[in-house]
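Heads up: the structure comes next, in structure tokens.
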Amino acid sequence: MYFGEIPAPLVRQRLGVDDDYAVHGVLGFGVFDRAADPVLADLSAHAARQGVELTMTTLTQPMYSHAVEVVATTPSGPRRLWLVPVMGTALMAYYMHMACVLGARALVLGGSAGGLAEGMAVGDLVVPDLVTGNDSAAYYSRHGRGGTRIGAHGPEVTPDEDLAAALAARLTALHPTAPLWRGASVTCEMIGAETSQDVADWSAAGFRAVEMEAAVVCAVGAAFGVPAAAAIYVADCLISGETVFHPTYADSRSVRSTSRAAVVGAAFDALLRTTA
């Protein structure tokens with residue numbers, strides 16, 4: 001049995017759950033594992049403001065231990081989401097793939113990005129309308145279900161328009177003072193491998209931001225026929241040389257935290273709406 005052919009009953013067996021266990025949606029968040037607590041706090045605070053009761057449980061099975069099961073009580077019934085705070089495409093693809101096997105109806109990638117557009121500032125928001133990257137997305141283009149194609153800079157996927165629009169609308173509502181950018185993003189999962197020339201080339205090609213997971217999230221969605229999109233905030237402005245190693249990076253902590261919370265809230269709201 002090949003990995004791409006794993007059936008849902010076997011996944012449920014490995015998880016140790018009932019035969020009717022299903023995942024309604026996934027919020028992947030590109031962050032180091034031990035930096036996930038603020039994301040969980042953002043989600044809890046946002047749900048409380050929205051009057052949504054949450055139960056959050058970290059999955060303990062070794063093959064699923066990065067995921068937090070989030071059950072939201074809604075008027076139309078409970079919604080089971082997986083919150084997956086991992087960095088890079090390999091792990092993110094694994095969880096998105098398994099969630100789709102278990103019936104996920106929407107995938108959202110949240111997190112931070114490096115700004116590539118002139119005039120961007122830390123804390124700006126980005127909802128890509130095209131994602132591209134030379135990563136695991138290439139493998140999903142071979143599944144024969146359409147959606148992923150090879151572009152000038154590697155495999156590229158168009159995020160689901162309705163889900164992206166819902167994310168953009170909620171971001172604007174939750175953080176109206178932050179500029180919202182639309183356009184293409186590029187996935188580069190090795191932050192230490194990109195060069196200043198890469199940044200210049202991406203910017204010249206019209207990319208708004210570089211992140212670490214969006215291409216594969218949307219590629220998995222395309223392979224399974226599941227709506228997928230991304231909502232990200234600008235953590236550092238690469239085009240102006242303001243990287244995470246810049247002396248002033250720590251000064252923008254509160255700005256970044258506010259935008260991160262908006263991304264988490266918008267993703268949660270969009271997932272609940274899409275999976276209703």
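The values are calculated or read from the model by the stated rules, or taken from the named source; none is laboratory data. Being a predicted model, the structure only gives us computed values, none of them experimental. Methodologically, a virtual Cβ is constructed for each residue, glycine included, from the backbone with ideal geometry; neighbour enumeration extends over all protein chains shown.
What the table shows:
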item: The lone exception for Met98 - which of (1) in a loop (DSSP other than H, G, I, E, B); (2) crowded, with 21+ Cβ neighbours inside 10 Å it fails; result: (1)
item: Residues (within 27 Å of Ile191 (Cβ to Cβ) and surrounded by fewer than 24 Cβ atoms within 10 Å (Cβ to Cβ)) located in region 17-33; result: Val31, Phe32, Asp33
item: Test: residue in region 239-257 that is touching a residue at least 12 places away in the same chain (Cβ under 8 Å) and within 19 Å of Arg182 (Cβ to Cβ); result: yes
item: Subset of region 203-225 that is surrounded by fewer than 24 Cβ atoms within 10 Å (Cβ to Cβ) and in a loop (DSSP other than H, G, I, E, B) - its residue that is farthest from the chain's Cα centre (by Cα); result: Ala205
item: Residue match in region 2-13 (condition: in contact with a strand residue (DSSP E or B) (Cβ under 9 Å, 6 or more places away or on another chain), modelled with pLDDT under 95 and assigned to a helix (DSSP H, G or I)); result: no
item: Residue selected from region 29-57 under the condition in contact (Cβ under 8 Å) with a residue 60 or more places away in the chain, touching a strand residue (DSSP E or B) at 6+ places or on another chain (Cβ under 9 Å) and not in a strand (DSSP E or B), by the criterion nearest to Ala113 (Cα to Cα); result: Val31
item: Some residue of region 186-202 being surrounded by fewer than 24 Cβ atoms within 10 Å (Cβ to Cβ), at pLDDT 95 or above and under 23 Å from Arg260 (Cβ atoms); result: no
item: The listed residue being more than 18 Å from Ala137 (Cβ to Cβ) and either part of a helix (DSSP H, G or I) or not small (Gly, Ala, Ser) (or both), out of Ala261, Ala235; result: Ala261
item: Which listed residue, of Ala223, Ala228, is modelled with pLDDT of 95 or more, among the aliphatic types (A, V, I, L, M) and either under 21 Å from Ile150 (Cβ atoms) or touching a strand residue (DSSP E or B) at 6+ places or on another chain (Cβ under 7 Å) (or both); result: Ala228
item: Index of the failed condition, Leu91 passing every other in (1) more than 21 Å from Ala266 (Cα to Cα); (2) of a type in the set (A, V, I, L, M, F, W, C); (3) touching a residue at least 40 places away in the same chain (Cβ under 8 Å); result: (3)
item: Residue count for region 62-78, restricted to those that are closer than 13 Å to Phe268 by Cβ and modelled with pLDDT of 95 or more; result: 4
item: Set Ala184, Ala230: member being under 30 Å from Glu5 (Cα atoms), in contact (Cβ under 8 Å) with a residue 12 or more places away in the chain and either small (Gly, Ala, Ser) or assigned to a loop (DSSP other than H, G, I, E, B) (or both); result: Ala230
item: Selection count where residues are of a type in the set (S, T, N, Q) and under 24 Å from Arg253 (Cβ atoms), scope region 83-125; result: 1
item: Within region 58-91, considering residues that are in a helix (DSSP H, G or I) and over 19 Å from the mean Cα position of the chain (by Cα), the one surrounded by the most Cβ atoms within 10 Å (Cβ to Cβ); result: Met63
item: Residue match in region 28-39 (condition: modelled with pLDDT of 95 or more and touching a Gly at 6+ places or on another chain (Cβ under 6 Å)); result: yes
item: Matching option when the condition is modelled with pLDDT under 90, out of contact with any Gly (no Cβ under 6 Å at 6 or more places or on another chain) and buried (at least 16 other Cβ atoms within 10 Å of the Cβ), among Ser112, Ser141; result: Ser141
